[in-house]
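Here's the structure we're looking at; comments come further down.
The values are calculated or read from the model by the stated rules, or taken from the named source; none is laboratory data. All values reported here derive from a predicted model rather than from experimental measurement. Cβ coordinates were reconstructed from backbone atoms using ideal geometry, including for glycine residues, and neighbour counts include every protein chain displayed. Surface accessibility is based on the protein's heavy atoms, side chains included, excluding ligands, DNA and RNA. Shrake-Rupley method; radii C 1.70, N 1.55, O 1.52, S 1.80 Å.
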Amino acid sequence: MYKGVLLGHPFMSECNKFLTRHKPLSHKQWIERMEQSSGLDQNIDLFGTGPTIELLEQKIATILGKERALFVPKGTIGQHSALLHWSSLSSFKKVAIHPQSHMEVDEKFAYKELLGLDAVMFGNPDKAIDTKDIENLPKDLSTICVELPTRRAGFKLPTWESLIYLKQFSIENNIPLHIDGARLFESACHYDRPYDEVAALGDSVYISLYKTLGAAAGGIIAGNSDFIEQLEPWRSRLGGELFTAFPYILTALWGIENYLPRIPEFHKRALKLSHSIKRAFGPKAIPNPVQCNGFLIELPIEADVLERKALALAKRDKIWLFDRIIKTDDNNCRIEIQIGDALDDWQDHELIEVINNMIS
């Protein structure tokens with residue numbers, strides 16, 4: 001048993017049809033993708049510098065409307081660097097985060113154990129932040145962090161009005177606002193606003209390069225020139241200057257050219273698929289309004305039973321359905337769907353038929 005997280009299970013590598021995210025690539029396919037990258041003929045990067053890294057950083061900075069951007073090999077390195085920088089400018093050592101934020105749930109409390117910072121919980125479980133949550137924020141904070149969307153809360157997004165109110169609060173109280181925008185591009189589709197308008201709310205912004213942009217790994221921190229200059233030492237101190245990061249850089253450049261234009265399409269497909277699932281299984285099957293390309297499906301089946309059936313399907317038919325199964329109670333569970341190019345191989349009715357066979 002993988003305790004609900006099936007990503008990386010040995011059966012997965014034997015499958016040839018996938019449901020969620022982008023299709024996983026073999027070593028050979030990754031090399032082929034790098035060979036198609038616009039940065040292939042540039043000199044190789046070394047210790048965080050070089051023409052390909054500079055090209056990537058410039059492209060992302062332009063897309064986000066920021067003065068500069070900084071490549072990091074892992075999002076935690078970038079976001080920790082940002083938190084450390086903002087806290088170094090403040091007499092306070094507290095950050096405001098959602099109780100289900102990535103920083104709280106997935107990083108083993110690094111903000112406390114590694115960075116020496118305290119956290120103020122900001123918002124309520126399974127809900128996006130709202131104006132009331134903002135009004136209740138203390139003012140002795142070094143940073144306010146908002147995750148767009150909050151994945152562990154069901155990919156929920158606050159209203160645009162709440163984000164504007166949060167920005168006003170941060171300005172009036174001189175508290176930097178950091179956007180954990182691992183999925184910022186996908187979130188912008190919900191707001192029907194350009195990427196740079198969403199990014200403009202943050203004094204610093206993080207985006208993932210390996211999620212919807214499909215890079216091998218890595219992320220970007222963006223902000224004004226002074227902020228990025230001050231961030232570079234923190235990246236080094238946290239071990240973020242690799243000898244070379246060219247596989248991450250080349251595949252990120254490929255993703256900007258090939259996946260970034262498709263993000264609105266992935267958003268529309270998520271809405272369409274969720275409507276088809278509700279028609280087939282009832283409104284309870286989509287427990288939260290779908291706001292980006294990621295959403296939850298609730299199924300009337302025990303989590304352990306669904307896991308066994310999904311793995312049996314993977315072994316028998318080479319079809320990989322779920323990366324993560326979430327237990328809700330004894331008779332129901334939830335699964336995550338994140339729309340990427342894997343869904344190119346499916347028609348809605350085919351997926352519904354497979355899910356129906358799973359729960360019958």
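Could you work out the percent of alpha carbon pairs in segment 319-360 separated by over 15 Å, rounded to a whole number? When every Cα pair of segment 319-360 is considered, 51 percent fall beyond 15 Å.
Over all directions, the projected convex hull of the C-alpha atoms in segment 1-111 averages 11.0 nm² in area. Take the Cα radius of gyration of segment 25-179 and divide it by 2.2 N^0.38 Å, N being the number of residues; the result is 1.22. Taking 0.36 nm per residue of separation and subtracting the current Cα-Cα distance, fully stretching the chain between Glu197 and Ser91 would add 35.1 nm.
Here the Karplus curve 6.51 cos²θ - 1.76 cosθ + 1.60, taken at θ = phi - 60°, turns the phi angles of segment 257-269 into couplings of 6, 10, 9, 4, x, 8, 4, x, 5, 4, 4, 5, 5 Hz, with x standing for Gly and Pro. Derived from the Cα gyration tensor, the three semi-axes of the equivalent ellipsoid of segment 81-132 are 20, 14, 8 Å, largest first. Expressed as a whole percent, the accessible area of the chain that falls on carbon and sulfur atoms is 50 (1.4 Å probe).
Probing with 1.4 Å while keeping every protein chain in the model, the per residue accessible area of the chain equals 45 Å². Dividing the alpha-carbon radius of gyration of segment 250-348 by the rule-of-thumb value 2.2 N^0.38 Å gives 1.19. Between Gln36 and Gln347, the distance separating the two model label sites (each 7 Å from Cα on the Cα→Cβ line) works out to 2.6 nm. Taken along its principal axes, the alpha carbon cloud of segment 114-259 reaches lengths of 45, 34, 27 Å, longest axis first.
Size check on segment 220-305: the Cα extents along the three principal axes, sorted descending, read 52, 32, 26 Å.
Applying both filters, DSSP loop and at most 10 other Cβ atoms within 10 Å, to the trypsin sites (Lys or Arg not before Pro) of segment 248-298 eliminates every site.
Here the calculated FRET efficiency for Asn258 and Lys139, from their Cβ-Cβ distance with R0 = 56 Å, stands at 0.80, rounded to the nearest 0.05.
Max-minus-min Cα coordinates of the chain on each principal axis give 58, 52, 37 Å, with the largest extent listed first.
Please report the spacing between the Cα centers of segment 205-275 and segment 131-175 in Å, no decimals. If we compute the Cα centre of each part, the gap is 23 Å. Can you list the trypsin sites (Lys or Arg not before Pro) in segment 109-201 that are in a DSSP coil and have 14 or fewer other beta carbons within 10 angstrom? Passing both the DSSP loop test and the Cβ count: Lys139. Close amide H partners of Ala128, meaning residues 5 or more places away or on another chain with modelled amide H under 5 Å apart, do not exist here.
Within segment 1-70, the GluC sites (Glu not before Pro) that combine a DSSP coil assignment with at most 16 other C-beta atoms in a 10 angstrom radius are Glu67. When the charge dipole of the chain is built from unit charges on Cβ atoms (+1 for Lys and Arg, -1 for Asp and Glu) and taken about the Cα centre, the candidate among Pro158, Ile352, Gly294 whose Cα reaches farthest toward its positive end is Ile352.
Per-residue ellipticity at 222 nm, computed for the chain from helices alone with -39500 (n - 2.57) per DSSP H run of at least four residues, works out to -12500 deg cm²/dmol.
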